[in-house]
Amino acid sequence: MGDKKHLGRFTVQFNLGDPQQARTAEILEQQGRQKARFISTAVLHYINCSETPEVVLPPAPNTAEIEKIVLAVLKKHTAEDGVSASPHRPQPQESVIPSGRAPEPEIADAEDLKELLGDGGFSAIANTLASFGQK
């Protein structure tokens, strides 16, 4: 990415859907023009405090995992609405797995999804998945 134009200048956007980040944003808003001092004090305390637990972030899902999730959600919602994903072939029967795990979703092909979602819905999902692949 190269060298930064302004060392020490950062842009941060918090995900207000995450309760921890929303609370952090509220706290920072209360700091007025003293945000940098507050953040530097907090970071240095966090790094130097021996009682602070290590923060472990889960790995970001890869494109294949995201696609499986999206297809599983689509399949679930079409089943609830009584819509068949493909009028050309019967839907597979769900099997019971003795281990107690949920079965892996069966992935429909692109033509089935286009038929189910229409051109607009299919392209919206395809564009979203493509944007995940770019990050």
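The values are calculated or read from the model by the stated rules, or taken from the named source; none is laboratory data. Just so it is clear, the structure is predicted and the values come from calculations on it, not from any experiment. FYI the Cβ positions are ideal-geometry reconstructions off the backbone, even for glycines, and counts take in every protein chain you see.
A few remarks follow.
Rundown of residues vs (1) β-branched (Val, Ile, Thr); (2) within 16 Å of the chain's Cα centre (by Cα); (3) at pLDDT below 75, yes/no style:
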{"residue": "ASN48", "(1), (2), (3)": "no, no, no"}
{"residue": "LEU57", "(1), (2), (3)": "no, yes, yes"}
{"residue": "ALA60", "(1), (2), (3)": "no, yes, no"}
{"residue": "THR63", "(1), (2), (3)": "yes, yes, no"}
{"residue": "LYS68", "(1), (2), (3)": "no, yes, no"}
{"residue": "GLY82", "(1), (2), (3)": "no, no, yes"}
{"residue": "LEU116", "(1), (2), (3)": "no, no, yes"}
{"residue": "THR128", "(1), (2), (3)": "yes, yes, no"}
{"residue": "GLY133", "(1), (2), (3)": "no, yes, yes"}
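- Residues satisfying the stated conditions in segment 1-46, i.e. small (Gly, Ala, Ser), over 28 Å from the mean Cα position of the chain (by Cα) and surrounded by 10 or more Cβ atoms within 10 Å (Cβ to Cβ): ALA36, SER40
- Scoring ALA72 on the criteria (1) of a type in the set (A, V, I, L, M); (2) surrounded by 10 or more Cβ atoms within 10 Å (Cβ to Cβ); (3) in a loop (DSSP other than H, G, I, E, B) leaves a single failure, condition (3).
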